[in-house]
Amino acid sequence: MPLIIISGYPSSGKTHRASQLEAFFNEKTRSSSDPRTQRLKVHHINSQTLGLSRDVYHTARAEKDARAAESSAVKRFLTRDDIVIADGLNYIKGFRYQLYCEAKAVQTPSCVVHVGTPAEKCREINKELLADSQKDGGYSEEDFENLVFRYEEPNGMTRWDSPLFTVLYDDETPPFEQIWDAMVGSDGKAKVVRPNQATVLKPATEQNYLYELDKTTSDILTQIMAWQKDHPGEGGGEVTIPEIEKVVELPASPTTLPQLQRLRRAFISLNRQHSLSKSRIKDLFVDYLNDSFQR
């Protein structure tokens with residue numbers, strides 16, 4: 001089920017908004033008569049649930065580890081029967097893109113809820129939190145200013161920040177119904193996100209296909225390197241490959257093993273998605289090499 005990414009300045013009220021969404025979704029699932037909706041579970045992931053201190057923003061390494069912990073938690077809970085609220089700063093657009101890809105990988109929608117509290121108001125709230133030892137929260141002034149400076153505001157024109165819902169500081173609640181319709185829907189049908197065709201691996205129809213793909217292409221590279229070793233300094237040339245009529249037409253300048261390995265990896269990446277006959281691997285790889293050498 002959907003992934004809801006909360007984003008905003010530090011001390012902007014992200015956890016408050018996430019808690020409001022969590023309460024709404026729980027009530028919605030309890031009161032629904034739709035069996036699919038009743039199965040939904042809501043997971044609220046934030047620094048407290050992950051046991052992370054706000055001091056992680058002191059160093060780049062600790063901050064990177066904190067993002068990894070959030071990403072791992074999202075992957076752990078994100079299924080078609082779970083609603084995950086990722087309540088964190090999520091201020092780096094590259095990290096929001098990473099979370100978007102995690103949702104797409106399990107074919108479920110995602111959205112971004114931007115808590116649009118002005119920086120000045122956040123600064124005022126943060127100082128109050130730091131001054132009150134009874135309240136949980138507050139970032140050191142240095143970390144606060146650094147995070148505000150580095151914040152990359154969500155942009156609804158990009159696919160990973162879309163759909164984008166902005167909640168202003170004066171808003172009593174987020175737009176509950178709009179978020180519900182975008183993520184879950186009210187027509188009784190599950191919203192499914194189709195993965196990119198290039199990322200869908202088709203199962204091989206022949207036994208040990210991937211092994212043969214790897215071994216056959218590796219053997220051809222070995223034969224090319226052996227030919228070049230026997231013909232030092234020669235430009236061009238044709239390498240005969242056993243069991244097929246085609247030959248490898250080498251370029252004018254000798255090719256190195258790293259160059260050949262890159263071509264081999266690209267060929268394997270392209271053809272592991274298809275169900276090729278093992279007998280065609282040699283022909284196709286030779287054609288691929290010849291085409292690449294002529295570019």
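Each residue of the stretch 59-70 in turn: what ³J(HN,Hα) in whole Hz from Karplus with 6.51, -1.76, 1.60 and θ = phi - 60°, glycine and Pro shown as x?
Result, rounded to whole Hz: 10, 5, 5, 5, 5, 4, 5, 5, 5, 5, 5, 5.
Among residues other than residue 30 whose Cβ falls under 13 Å from its Cβ, what is the net charge (Lys/Arg +1, Asp/Glu -1)? Show your work: numbers first, answer last.
Working: positive: 28, 39, 41; negative: 22, 27, 34.
Summing Lys/Arg as +1 and Asp/Glu as -1 gives 0.
Tabulate in residue order the Karplus-calculated ³J(HN,Hα) for the stretch 29-42, using 6.51 cos²θ - 1.76 cosθ + 1.60 with θ = phi - 60°, rounded to whole Hz; enter x for Gly and Pro.
6, 5, 8, 6, 9, 7, x, 5, 5, 5, 6, 5, 10, 10
Can you tell me the FRET efficiency between residue 181 and residue 290 if r is taken as the Cβ-Cβ distance and R0 is 45 Å, rounded to the nearest 0.05? Working shown, then result.
Numbers: r = 54 Å, r/R0 = 1.19.
Result of the calculation: an efficiency of 0.25.
Amide H neighbours of residue 88 under 5 Å, at least 5 residues apart or on other chains, H built in the peptide plane: list them.
Long-range HN contacts for residue 88: 6.
Sort 28-34, 6-12, 230-236 by packing, meaning the average of other beta carbons within 10 Å per residue, with the highest value first. It would help to have the intermediate numbers written out before the result.
Working: 28-34: 12.9, 6-12: 26.0, 230-236: 10.0.
Put in order of decreasing packing, that is 6-12, 28-34, 230-236.
Provide the net charge surrounding residue 261, with neighbours chosen by a C-beta distance below 14 Å and charges set as Lys +1, Arg +1, Asp -1, Glu -1.
Every neighbour counted, the sum reads +1.
Return the equivalent ellipsoid semi-axes of the stretch 62-159 as a descending list in whole Å, where each equals the square root of 5 times an eigenvalue of the C-alpha gyration tensor.
Equivalent ellipsoid of the stretch 62-159: 28, 16, 13 Å, largest first.
Taking 0.36 nm per residue of sequence separation and subtracting the Cα-Cα distance, how much length would be gained by fully extending the chain between residue 229 and residue 247, in nm to one decimal? Intermediate values should be presented prior to the final figure.
Working: separation 18, 0.36 × 18 = 6.48 nm, distance 1.74 nm.
The residue 229-residue 247 span can extend by a further 4.7 nm.
Amide H of residue 83: which non-local residues (sequence gap of 5 or more, or other chain) have their own amide H closer than 5 Å, using H built in the peptide plane?
41, 42, 43
Rounded to the nearest 0.05, what FRET efficiency do residue 214 and residue 97 have when you use their Cβ-Cβ distance and R0 = 35 Å? Before the final figure, lay out the partial values.
On the way: r = 31 Å, r/R0 = 0.89.
So, using R0 = 35 Å, E works out to roughly 0.65.
Taking 7 Å along the Cα-to-C-beta vector as the label spot, tell me the residue 48-residue 76 distance in nanometres, rounded to one decimal.
Taking the simple label geometry, residue 48 and residue 76 are separated by 1.8 nm.
For 282, 75, what ranking results if the residue with the fewest other Cβ atoms within 10 Å of its Cβ goes first? Please report the intermediate quantities before stating the final value.
On the way: 282 18, 75 14.
Fewest-to-most Cβ neighbours within 10 Å comes out as 75, 282.
Whole Å is fine, so just give me how far the alpha carbon centre of the stretch 78-157 lies from that of the stretch 216-281.
Centre-to-centre (Cα) distance: 49 Å.
Can you work out the Karplus-derived ³J(HN,Hα) for every residue in the stretch 148-153? Use 6.51 cos²θ - 1.76 cosθ + 1.60 with θ = phi - 60°, whole Hz, and x for glycine or proline.
Karplus values, whole Hz, x for Gly and Pro: 5, 5, 8, 5, 10, 5.
Using the per-residue mean of other Cβ atoms lying within 10 Å as a proxy for protection, in what order, highest first, do the peptides 266-272, 15-21 fall? Mind dumping the intermediate values first?
On the way: 266-272: 15.0, 15-21: 19.1.
In decreasing order of mean packing, 266-272, 15-21 become 15-21, 266-272.
PRE reach from residue 16 (point 7 Å along Cα→Cβ): which of the stretch 150-173 fall under 12 Å by backbone N?
What the label zone holds, given the 12 Å backbone N cut-off, is 168-173.
Taking the Cα centre of the chain as the origin and placing charges on Cβ (Lys, Arg +1; Asp, Glu -1), which of 208, 60, 266 is farthest toward the positive end of the dipole?
Checked the options; the winner is 208.
Values quoted throughout were computed directly from the atomic coordinates according to the rules given, and no laboratory measurement underlies them. If you're wondering where the values come from, they're calculated on a predicted model, not measured in any experiment. With ideal geometry, Cβ positions are generated from the backbone for all residues, glycine too; neighbour counts draw on all protein chains shown.
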